[in-house]
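Contents: one structure, followed by commentary.
The values are calculated or read from the model by the stated rules, or taken from the named source; none is laboratory data. The model shown is predicted, which means the values in this text are computed figures rather than measured ones. Quick reminder, even Gly has a Cβ in these numbers, built from the backbone with ideal geometry, and neighbours come from all protein chains shown. SASA here: full protein model, heavy atoms, side chains in, ligands and nucleic acids out. Shrake-Rupley method; radii C 1.70, N 1.55, O 1.52, S 1.80 Å.
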Amino acid sequence: RLQEGRERLSVCSKVCYAVGGAPYQITGCALGFFLQIYLLDVAQLDPFYASIILFVGRAWDAITDPMVGFFISKTPWTRFGRLMPWIIFSTPFAVISYFLIWFVPDISRGQVMWYLVFYCIFQTLVTCFHVPYSALTMFISREQSERDSATAYRMTVEVLGTVLGTAIQGQIVGQAAAPCIESPVFIGKTNSSVAMEELNMTCDTGSLTDTRNAYMIAAGVIGGLYILCAVILWVGVREKRESSELQSDEPVSFLQGLKLVMNHSPYIKLIAGFLFTSLAFMLLEGNFALFCTYTLGFRNEFQNILLAIMLSATLTIPLWQWFLTRFGKKTAVYVGISSAIPFLIMVAVLDSNLIVTYIVAVAAGISVAAAFLLPWSMLPDVIDDFKLQHPDSHGHEAIFFSFYVFFTKFTSGVSLGISTLSLDFAGYQTRGCSQPSEVNFTLKMLVSAAPVGLILLGLLLFKLYPIDEEKRRKNKKALQDLREESNSSSESDNTELASIV
């Protein structure tokens, strides 16, 4: 009981730990919801080049995750810990690169390379923050219940971070909407691009400048929050070396870590299930602003609809935490994520109605909360199971977390690139006040049919995941027995050494 008391985390520590998850979600939400429409309508890039930026940026981000995880596993322990230095040193450079993503350079050529380079740099630096932060879950306590509780705090703050990202970016940018351009229906298709160029030149450039300034102001506010959250995490959380076996001095090779990750069956099955469900919500996130603006016709309301989704998700995180402790994590997956399906169908089938859209947004937020909480709550269970199967293999926690993020981000990049290319093929018109019917149909598929199919496939694959509540309790007891055996062995060795002396 005394040992369990020492392992318990204070509410202050849990809150400070949870605050560290906000920067990734605030910036990720702002980029996820607004980067596509920013590149198309504010920076005025061709949809083809915008798709390249979105795909390459996410794919690069996916590649850096396992690399950072590998380097973390090779990092020696310092008096500040092994993970904290990565978090602190990457923060100022990440904030600078994030701001430059939302800056429109005054150059006629090279804009595509500007956004591609700084998007990739930011993704690399935010990976240097988020991968060690994710692995920090295993180093704040050895008690599974304390880690689950801290994860619930973290998910609540992270979803609150998405609310902040949506509110800051949406409300600031929404006050300075970019001017739209009426479609040149009176001109043949062969000359439509020339007509659009002429209309761009005669349009009110002052309003577009205000919109660009609004994006930079939002980036500055979000960058300040990024730094504040990193400082709170640094001050309020202590990385405990004894909470895990990461302090092993044996070198961990990249290939060895990759082989262990790929051979652990529960880990692969967990990834397979959440890979497709995460893709569903990422498709919805990436295209929802365009869907609200053009298909539903709510050009001046889409930021408020996004805010309704995120607020609903934030308020229901405690509900899902109670649900998973009462009925089990697998049951929470089925109930929570599948609840989004009827509402995704409804928003595409019904005619444009603002009240119905808000109702659907609130209901979808409940499912978004489950999708946020459950993957990160279940991953420590997989690592505990791995430790029981490989008791002599240490130091792979960061690799497990980084590869988990790798698969999700890489497929996310593919889906974002394909969705933007689909809009290009459908005839998307940059800064148009309306879009062709083909574009509206494509947007409906991207925010309704495709996510529903991915959710159903993910839930079907998740049936194979072997760690249910009974298995989880057995693993917890087995780990406690191993620790008690290790502690008693250590105490006997110390007693024997003292008698010799």
Exercise. Which order do peptides 265-271, 53-59, 446-452 fall in by mean Cβ count within 10 Å, highest first?
Worked result: 53-59, 446-452, 265-271
Exercise. Hey, how much of the P(r) for segment 264-367 falls beyond 17 Å, as a percent of Cα pairs?
Worked result: 57 percent
Exercise. Based on the alpha-carbon gyration tensor of segment 417-476 and its eigenvalue square roots a ≥ b ≥ c, which shape applies: rounded if a/c is under 1.5, prolate if not and a/b is larger than b/c, or oblate?
Worked result: prolate
Exercise. From the backbone phi of segment 64-75, what are the Karplus-calculated ³J(HN,Hα) couplings (6.51 cos²θ - 1.76 cosθ + 1.60, θ = phi - 60°) in whole Hz, Gly and Pro given as x?
Worked result: 6, 4, x, 5, 5, x, 5, 5, 5, 5, 8, 6
Seminar exercise, completed: Residue span residue 268 to residue 46: 0.36 nm per residue of separation minus Cα-Cα distance leaves a gain in nm of 76.1 nm
Exercise. To the nearest 10 square angstrom, how much accessible area does residue 390 have with a 1.4 angstrom probe?
Worked result: 60 Å²
For this session: Under 1.5 on a/c is rounded, so check that first for segment 262-319, then, if it is not, pick prolate when a/b is larger than b/c and oblate when it is not; a ≥ b ≥ c are the square roots of the alpha carbon gyration tensor eigenvalues.
Result: oblate
Exercise. Rounded if a/c is under 1.5, else prolate if a/b is larger than b/c, else oblate: which is segment 324-437, with a ≥ b ≥ c the root eigenvalues of its Cα gyration tensor?
Worked result: oblate
For this session: Work out from phi, with θ = phi - 60° and the Karplus expression 6.51 cos²θ - 1.76 cosθ + 1.60, the ³J(HN,Hα) of each residue of segment 52-58, listed in order in whole Hz, and give x for Gly and Pro.
Result: 5, 4, 5, 5, 5, x, 6
Exercise. For the peptides 306-314, 82-90, what is the packing order when you average, over each peptide's residues, the other Cβ atoms within 10 Å and list the highest mean first?
Worked result: 306-314, 82-90
Problem set entry | Interchain or long-range residues, amide H under 5 Å from residue 432's placed H | 181
For this session: In debye, nearest 20, what is the charge dipole magnitude of segment 253-490 about its Cα centre with +1 on Lys and Arg Cβ and -1 on Asp and Glu Cβ, if you could check?
Result: 220 debye
For this session: Just name one of 426, 347, 374: the one whose Cα is farthest towards the positive end of the charge dipole of segment 253-490 (beta-carbon charges, Lys/Arg +1, Asp/Glu -1).
Result: 374
Seminar exercise, completed: Over all Cα pairs of segment 253-490, the Kirkwood radius sets Rh, and Rg/Rh then becomes 1.06
Exercise. Got a sec to turn the phi values of segment 461-473 into Karplus ³J(HN,Hα) couplings, 6.51 cos²θ - 1.76 cosθ + 1.60 with θ = phi - 60°, whole Hz, x for Gly and Pro?
Worked result: 5, 5, 4, 7, 5, x, 8, 8, 5, 5, 4, 5, 5
For this session: Using only protein heavy atoms and a 1.4 Å probe, report how much of residue 99 is accessible, in Å² to the nearest 10.
Result: 80 Å²
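Can you figure out the FRET efficiency of residue 388 with residue 345, using R₀ = 51 Å and their beta-carbon distance, to the nearest 0.05?
0.75
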Exercise. Magnitude of the Cβ-charge dipole of segment 23-134, K/R +1 and D/E -1, about the Cα centre, nearest 20 debye?
Worked result: 480 debye
